[in-house]
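I have placed the structure first, in the form of structure tokens, so that the comments after it can refer back to it.
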Amino acid sequence: LGGAGAMLFLVPMGKLADRWGHKQMLVAGFVSLTAILVLLAVSMPPPALTMLLAFMLGLSYSAVLPAWNAVLSYLVPDDQKGTGWGVLSGIEGLGIMIGPVIGGWVASQYTNAAAISISAALLAILALFYLILPQNKLVSACGTSQHKKEYSHEPDRGS
């Protein structure tokens, strides 16, 4: 259900991120991921509620992914798209391999709740980071059209 929640909401959340702002979507997504993981770690919800929380995890992830990818797109130079995305995808792939290994080790040495709690704490740190990060530090000097609209002193003329 988590994957279904993400799949169903990736495009709508991407549109919302373009309209609302990437920073706001990152903060909202990381906060909601944190809150849901905390609920899972500290309680033993009945199966139906667990399924709903899994769906909500996917929905929360769909708030983060388009905004995160949009921010990353400004870090890749126009003349090095293949190389830049290859490097970023490689780093992401490394995290996809290492995260479950560490999480599995924590769960086997301690408890599943400990592994989930650590994930929630890391996501809370990310939420706080994006909350305090100034908007102009989130994107390159060129900025995004959203960034330019937000910080322009001229009214938006429907560009």
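Of note:
- Divided by 2.2 N^0.38 Å, where N counts the residues, the Cα radius of gyration of segment 60-144 comes to 1.33.
- Look at the Cα gyration tensor of segment 24-71: its axes a ≥ b ≥ c give a/c of at least 1.5 with a/b over b/c, and that counts as prolate.
- Note on M7 and M97: the model spin-label points, each 7 Å out from Cα along the C-beta direction, lie 2.7 nm apart.
- Hydrodynamic estimate: the Kirkwood radius of segment 10-104 over Cα pairs, inserted into Stokes-Einstein at 37 °C and 0.692 mPa s, corresponds to D of 218 µm²/s.
- The order of D18, D78 by accessible area, most exposed first and with a 1.4 Å probe, is D78, D18.
- Lysine pairs within the chain, Cα separation less than 14 Å, 8 or more sequence positions apart or different chains: 4
- Angle of helix 22-42 to the longest C-alpha principal axis of the chain, folded into 0 to 90 degrees and rounded to 10: 0°.
- For the chain, convex hull of alpha carbons as volume per residue, Å³: 130 Å³
- Largest accessible area first, the listed residues K23, K81 line up as K81, K23 when surface is computed with a 1.4 Å probe on the assembled protein chains.
- Ligands, DNA and RNA excluded, the heavy atoms of M13 present near 30 Å² of accessible surface to a 1.4 Å solvent probe.
- Residue by residue, segment 79-88 carries 3J(HN,Hα) couplings of 8, 9, 4, x, 5, x, 5, x, 5, 4 Hz when phi is fed to the Karplus relation 6.51 cos²θ - 1.76 cosθ + 1.60 (θ = phi - 60°); x denotes Gly or Pro.
- Between L88 and L52, the modelled label-to-label distance comes to 3.6 nm, taking each label 7 Å out from Cα in the direction of the beta carbon.
- Within-13-Å neighbourhood charge of A67 [Cβ basis; K, R +1; D, E -1]: +2
- Protein heavy-atom accessible surface, 1.4 Å probe, per residue over segment 1-55: 57 Å².
The values are calculated or read from the model by the stated rules, or taken from the named source; none is laboratory data. If you're wondering where the values come from, they're calculated on a predicted model, not measured in any experiment. Backbone-built Cβ (ideal geometry, glycine too); neighbour counts: all protein chains shown. Just so you know, the surface numbers come from the protein's heavy atoms only, side chains and all, with ligands and any DNA or RNA stripped out. Shrake-Rupley method; radii C 1.70, N 1.55, O 1.52, S 1.80 Å.
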